[in-house]
1. Using Stokes-Einstein with the Kirkwood hydrodynamic radius over Cα pairs, what translational diffusion coefficient do you get for the chain at 37 °C and a viscosity of 0.692 mPa s, in µm²/s rounded to a whole number?
2. Looking at segment 54-156, send over the antiparallel percent of its DSSP beta bridges, to the nearest 5.
3. What are the residues whose amide H is under 5 Å from the amide H of TRP65, where those residues sit 5 or more places off or on another chain and H is modelled from the backbone?
4. Relative to the present Cα-Cα distance, how much length would full extension add between ALA39 and GLU129 at 0.36 nm per residue of separation?
5. Give, in nm to one decimal, the length gained when the segment between VAL183 and PHE61 is fully stretched (0.36 nm per residue of separation minus the Cα-Cα distance).
6. Output the Kirkwood hydrodynamic radius of segment 6-93, Cα pairs only, in Å rounded to one decimal.
7. Using θ = phi - 60° and the Karplus relation 6.51 cos²θ - 1.76 cosθ + 1.60, list the HN-Hα couplings for segment 107-112 in order, rounded to whole Hz, with x at every Gly or Pro.
8. In whole percent, how big is the carbon plus sulfur part of the accessible area of the chain, probe 1.4 Å, protein atoms only?
Amino acid sequence: MKPKIICHIISSVDGRLLNDRWTEPFDGTPTSAPLQVYAAIGRELDTDAWMFGKNTVRAVFSYKWGVTGHAIPSDCPAVFVGERRSKRMFIVADPEADIYFTSLVLRGDNILVIIGRNVTEEYLAHLREKRISYVIVDDATDLRTGLEIVGREFGIRSVSVQGGGILNGALLADGLIDELSLVIYPGIDGLSGVPSIFEYVGGATDRPAAGQHL
Ligand SMILES: NC(=O)c1ccc[n+]([C@@H]2O[C@H](COP(=O)([O-])OP(=O)(O)OC[C@H]3O[C@@H](n4cnc5c(N)ncnc54)[C@H](OP(=O)(O)O)[C@@H]3O)[C@@H](O)[C@H]2O)c1
């Protein structure tokens, strides 16, 4: 069964996500205070795991893995359980299987990667050497299947998805988000084109939120 998905995000009043661009609060409140509120609410959600989009993870692990290597055999085990010491797990779906992890944890939480069958033997060895858990699905952009397997194999019943906008938009369009937890920071970005809460990559007639009531 798919875990419960809560999209937990902080935006400016105009829905933008890049906090270093936001104006200061009107009343002299330090800019860090609303961010601390956002983090505290995230902890209160008490989910079994949390998740970032790939671009957001790449801001932390900035080195890119070379994607050349040996194809995996058809009977390659689809699940690897690495270190699981943290109470929560951190999940990232990596369709290209090219994030070079320099740690087995993000913000103290053990990492779990969803990758596709395009992954190389060498990259799997990198994850195992780091003791990072993974699940292999046919296509890592198929978030429903990836999250269902994560729920089944790792007992994860709830996930807070914490951006960025492209991941939020992909989950929205697939009808996978159960709740929206939106913290509005009292400041403005104002510039067109800056990433916003939901950034589904689609055509002008697509309506990724149609029919949904979050
Ligand atoms: N204010 C907040 O709460 C908040 C939270 C998080 C992040 N942010 C900010 O938002 C910015 C990044 O956001 P973003 O929207 O550009 O990127 P993102 O959502 O973090 O990651 C998007 C990337 O995920 C991959 N992707 C695309 N479709 C996918 C799918 N169906 N399943 C899995 N992966 C898929 C693609 O990678 P490839 O392009 O490699 O194919 C895509 O570029 C950062 O600057 C970050 O600081 C703000």
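1. 181
2. In segment 54-156, DSSP labels about 40 percent of beta bridges as antiparallel.
3. Amide H to amide H, under 5 Å and 5 or more residues apart or across chains, TRP65 pairs with ILE99, TYR100.
4. Result: 29.3 nm gained on full extension.
5. 41.3 nm is the gain from fully extending VAL183 to PHE61.
6. 16.9
7. These are the phi-based 3J(HN,Hα) values: 6, x, 9, 4, 8, 10 Hz.
8. Numbers: 5580 of 10870 Å².
Carbon plus sulfur share of accessible area: 51 percent.
The values are calculated or read from the model by the stated rules, or taken from the named source; none is laboratory data. What you see is a predicted model, and the numbers here were worked out from it, not measured in a lab. So basically every Cβ, Gly included, is an ideal-geometry build from the backbone, and we count neighbours across all protein chains shown. These accessible areas exclude ligands, DNA and RNA; they are computed on the full protein's heavy atoms, side chains included. Shrake-Rupley method; radii C 1.70, N 1.55, O 1.52, S 1.80 Å.
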